[in-house]
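Contents: one structure, followed by commentary.
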Amino acid sequence: MLNMISMEAALGEIQAIAETRVLKAESRPLQQAVGQVLAEPSIAALAIPPFRNSARDGFIVSADVLGSDESWPVIGEIRAGDTLEQAEDVKGPVARIMTGAPIPSWGVAVVMLEHVEVDNEHARFQQPIEAGSWMREQGSDIAAGQVILSAGRRLIAEHVQALASSGVTDVVVHRRPRVGVCSTGEELVALESGIPGSGQIYDSNRPFMQAQMQAYGCDVVVSEHVGDTLDAMTGFLHRVMDESLDLVVSSGAVSMGRYDFVKPALEAVGAEIVFHKVMQKPGKPLLFAVLPNGTLYFGLPGNPVSTTANCRFYVHHALAVLQQKPMEKPLKLRLENDIEKPEGIAVILKARCVRAKDGLRVQALEGQESFQTKPLLDMNGWIVLSEHLGSMQAGDLVSFYPANPNGLPDIF
């Protein structure tokens, strides 16, 4: 019989097994790889900027103009899109120049239009000119050959700007995890099935798990509701094994009740049950197993907050390891309110990070029971207190994790 383990030990078990199942790498066009995790560093093919260019519409001047209060004839114009050779054909000491246009070798500064009086194609500069002003030097943003993004970073749309500018057309990423989700319980009805009948409730866990897996960058290959029988659950397990998935997440039927068939079904198909029950609240009956074909299996308790919290910390952790992402680190923030907690059990609390006069703080919200979903609308993260800690006082430092692990840079 498996003993209950600590949250720390459970995460360690998941990591040890997931590290042996790292997802294969593939090369993909840049635009098609957003949401995937880099398997290799992305390196700039070109410098940004690729050549010296103007940061403003205005006038390019030579060294002769610096410190002068004379009026200078404007000779020629350099436009964005002109070649370096065309820029060199324009002779100084003063010429018009557009934002992004190449700077000729004689140019030492750009003066904005607002600071120039022009009369009969002669320019007079209204204030002293500083050498190097409004010029963007080659490679001043990103140097050619520089690592732009390290392996383990999840590619987001904002990364595409720098990658595309520096000539990166393809990236090597871990393939998207293939996952399956299922909810259990005869009392559940699908959202599209109309108003629940007597004794029935809407199935909220399966839509949540499917949405969460997609937000984590996964392809949801299987999504089912499974009835409360051993045959129904074993049938589901055989179907997901046929799909060669990386990970399966189910909600419900993992406690000790008469109709909790997840564990017996896993045993029936020959799965290895790694642990069952974690010393934590909510979500104590969490189960982690490995199916005979190597697919990771998470059996989450069915209460909505238990499903949400376990998905955030345990399933997300497994997915991070499968894609070789750096381990997530919490923000250390000071509490706004007291928290009563016994030692010997970890707690995961709905929380909200708030602005205070002395910086960011975090408050544990009202409504911490695992059936209470309204606080999920007000929270923006979780407080996690290990089993080694007891009650906490306002002002104490605690570990805070954002609700969306992709909502903060990977360095956190």
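Residues in the range 78-94 that are at pLDDT 95 or above and over 21 Å from residue 50 (Cβ atoms): 2 in all. When 335, 377, 296 are checked against the criterion of being of a type in the set (A, V, I, L, M, F, W, C) and modelled with pLDDT under 95, 377 stands alone in meeting it. Scanning the range 206-220 for residues that are within 21 Å of residue 283 (Cα to Cα) and either part of a loop (DSSP other than H, G, I, E, B) or open to solvent by 10 Å² or more (accessible area, probe 1.4 Å) (or both) yields 206, 207, 208, 210, 211, 212, 216. Scanning the range 89-105 for residues that are open to solvent by 40 Å² or more (accessible area, probe 1.4 Å) and within 46 Å of the chain's Cα centre (by Cα) gives 96, 98, 99, 105. When residue 382 is tested against (1) open to solvent by less than 40 Å² (accessible area, probe 1.4 Å); (2) over 23 Å from residue 204 (Cα atoms); (3) part of a strand (DSSP E or B), only condition (2) is not met. A search for C-beta distances below 7 Å between a residue of the range 115-130 that is under 20 Å from residue 77 (Cα atoms) and touching a residue at least 24 places away in the same chain (Cβ under 8 Å) and any residue that is small (Gly, Ala, Ser) and surrounded by 11 or more Cβ atoms within 10 Å (Cβ to Cβ), counting only pairs 6+ apart in sequence or on different chains, returns 116/58; 116/123; 122/71; 123/71; 124/71; 129/109.
For the range 290-299, name all the residues that are in contact (Cβ under 8 Å) with a residue 60 or more places away in the chain and among the hydrophobic types (A, V, I, L, M, F, W, C). Once the filter is applied, which keeps residues that are in contact (Cβ under 8 Å) with a residue 60 or more places away in the chain and among the hydrophobic types (A, V, I, L, M, F, W, C), the range 290-299 yields 290, 296. Of all residues in the range 220-237, those that are within 14 Å of residue 291 (Cβ to Cβ) have Cβ atoms under 6 Å from Cβ atoms of residues that are open to solvent by less than 40 Å² (accessible area, probe 1.4 Å) and modelled with pLDDT under 95, 6 or more apart or on another chain, in 233/226; 236/226. Being open to solvent by 10 Å² or more (accessible area, probe 1.4 Å), part of a loop (DSSP other than H, G, I, E, B), among the hydrophobic types (A, V, I, L, M, F, W, C) and in contact with a strand residue (DSSP E or B) (Cβ under 9 Å, 6 or more places away or on another chain), is that true of even one residue in the range 247-255? Scanning the range 247-255, I find at least one residue that is open to solvent by 10 Å² or more (accessible area, probe 1.4 Å), part of a loop (DSSP other than H, G, I, E, B), among the hydrophobic types (A, V, I, L, M, F, W, C) and in contact with a strand residue (DSSP E or B) (Cβ under 9 Å, 6 or more places away or on another chain), so the answer is yes.
Checked against the criterion of being buried (at least 16 other Cβ atoms within 10 Å of the Cβ) and of a type in the set (S, T, N, Q), the range 62-85 contains one or more residues that satisfy it. Looking across the range 385-412, the residues that are over 21 Å from residue 281 (Cα atoms) and modelled with pLDDT under 90 come down to 406, 407, 408, 409, 410, 411, 412.
Just need a number here: residues in the range 221-245 that are part of a strand (DSSP E or B) and under 19 Å from residue 302 (Cβ atoms). Let's see the steps before the verdict.
Initially, the range 221-245 is screened for residues part of a strand (DSSP E or B), giving 221-226.
Filter again for under 19 Å from residue 302 (Cβ atoms), leaving 222-226.
The total comes to 5.
Residue 295 falls short on exactly one of the conditions (1) under 16 Å from residue 179 (Cβ atoms); (2) surrounded by fewer than 22 Cβ atoms within 10 Å (Cβ to Cβ); (3) out of contact with any Pro (no Cβ under 7 Å at 6 or more places or on another chain), and that condition is (2).
When residue 401 is tested against (1) of a type in the set (Phe, Trp, Tyr); (2) open to solvent by 20 Å² or more (accessible area, probe 1.4 Å); (3) not in a strand (DSSP E or B), just one condition goes unmet, and that condition is (3). When the range 277-289 is filtered for residues that are part of a strand (DSSP E or B) and open to solvent by 10 Å² or more (accessible area, probe 1.4 Å), only 281 remains. Within the range 132-183, the set of residues being open to solvent by 30 Å² or more (accessible area, probe 1.4 Å), in contact with a helix residue (DSSP H, G or I) (Cβ under 7 Å, 6 or more places away or on another chain) and not in a loop (DSSP other than H, G, I, E, B) comprises 148, 160, 164, 170.
The values are calculated or read from the model by the stated rules, or taken from the named source; none is laboratory data. This structure is a prediction, so every number in the text was calculated from the model and none was measured. Please note: Cβ atoms are built from the backbone with ideal geometry, for glycine as well, and neighbour counts cover all protein chains shown. Remember, those area values only see protein heavy atoms, side chains included, never the ligands or the DNA or RNA. Shrake-Rupley method; radii C 1.70, N 1.55, O 1.52, S 1.80 Å.
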